[in-house]
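Only one structure is covered here, and it is reproduced in the block below.
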Amino acid sequence: MTLSRRHVVAAGFGVGAGIVWCPAQALSDELAGALRSFTGGARTQEGRVVFDIAPLVENGNTVPVTITVQSPMSAADHVQAIAVFNEKNPQREVIACKLTPAMGKAVVSTRIRLATTQQLVAVAKMSDGSFWTHTVDVIVTLAACIE
């Protein structure tokens with residue numbers, strides 16, 4: 001079978017698309033262990049959590065983050081806790097906050113330090129016992145927390 005230029009070009013695009021559209025990497029064992037510790041081994045679901053952080057960070061010493069969870073924040077349906085975990089900092093848990101319905105909104109903003117390029121996971125614990133997550137990859141050009 002003779003390959004034409006069209007077949008070679010089409011194959012090249014196919015391979016390139018496969019590389020670009022590959023699924024996100026699985027969580028590292030240490031990061032997954034930290035999440036299990038927070039959730040008590042309960043199943044987590046993607047959704048309801050919005051992790052607002054720049055995908056490219058110039059300086060890892062002070063990185064602004066905002067975590068927003070979709071919730072009516074009523075007595076019957078509210079966010080009880082929000083936590084952020086990282087893949088490569090010396091300590092896996094970056095922040096953990098407890099919330100009540102009296103807060104009105106499920107939004108947490110702060111600044112964190114990032115040792116290097118890594119995955120971050122925000123987890124929200126709901127009043128019904130469910131856990132919702134959002135995972136992001138962050139590229140850090142000037143590392144912090146390396147001691």
- Taking segment 15-36, which residues are open to solvent by 30 Å² or more (accessible area, probe 1.4 Å), at pLDDT 90 or above and of a type in the set (Gly, Ala, Ser)? none
- Message: Considering only segment 85-93, I want to know if a residue exists there that is within 18 Å of Gly41 (Cβ to Cβ) and modelled with pLDDT under 95.
- Response: yes
- Note on the structure: Of the residues in segment 91-116 that are in contact with a Gly (Cβ under 9 Å, 6 or more places away or on another chain) and open to solvent by 20 Å² or more (accessible area, probe 1.4 Å), the one that is farthest from Val63 (Cα to Cα) is Arg92
- Message: Quick check on this structure: which one of Thr44, Thr62, Thr39, Thr66 is touching a Lys or Arg at 6+ places or on another chain (Cβ under 6 Å) and modelled with pLDDT of 90 or more?
- Response: Thr62
- Query: In segment 38-80, what residues are under 13 Å from Ala122 (Cβ atoms), aliphatic (A, V, I, L, M) and more than 12 Å from the chain's Cα centre (by Cα)?
  - Reply: Val69, Val79
- Message: If I go through segment 31-47 residue by residue, how many of them are without any contact (Cβ under 8 Å) to a residue 60 or more places away in the chain and part of a loop (DSSP other than H, G, I, E, B)?
- Response: 2
- Query: In the list Ala83, Ala115, which residue meets the criterion of being touching a strand residue (DSSP E or B) at 6+ places or on another chain (Cβ under 8 Å), under 13 Å from Phe38 (Cβ atoms) and of a type outside the set (D, E, K, R)?
  - Reply: Ala83
- Would you be able to say whether some residue in segment 92-99 is over 24 Å from Ser28 (Cβ atoms) and out of contact with any Asp or Glu (no Cβ under 9 Å at 6 or more places or on another chain)? yes
- Query: Restricting the search to segment 66-90, which residues are out of contact with any helix residue (DSSP H, G or I) (no Cβ under 8 Å at 6 or more places or on another chain) and open to solvent by 70 Å² or more (accessible area, probe 1.4 Å)?
  - Reply: Gln70, Pro72, Ala76, Lys88, Pro90
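The values are calculated or read from the model by the stated rules, or taken from the named source; none is laboratory data. What you are looking at is a predicted structure, and each value in this text was computed from that prediction instead of being measured. Quick reminder, even Gly has a Cβ in these numbers, built from the backbone with ideal geometry, and neighbours come from all protein chains shown. Ligands, DNA and RNA are stripped out before the accessible areas are found, and what is left, the full protein with its side chains, is counted by its heavy atoms. Shrake-Rupley method; radii C 1.70, N 1.55, O 1.52, S 1.80 Å.
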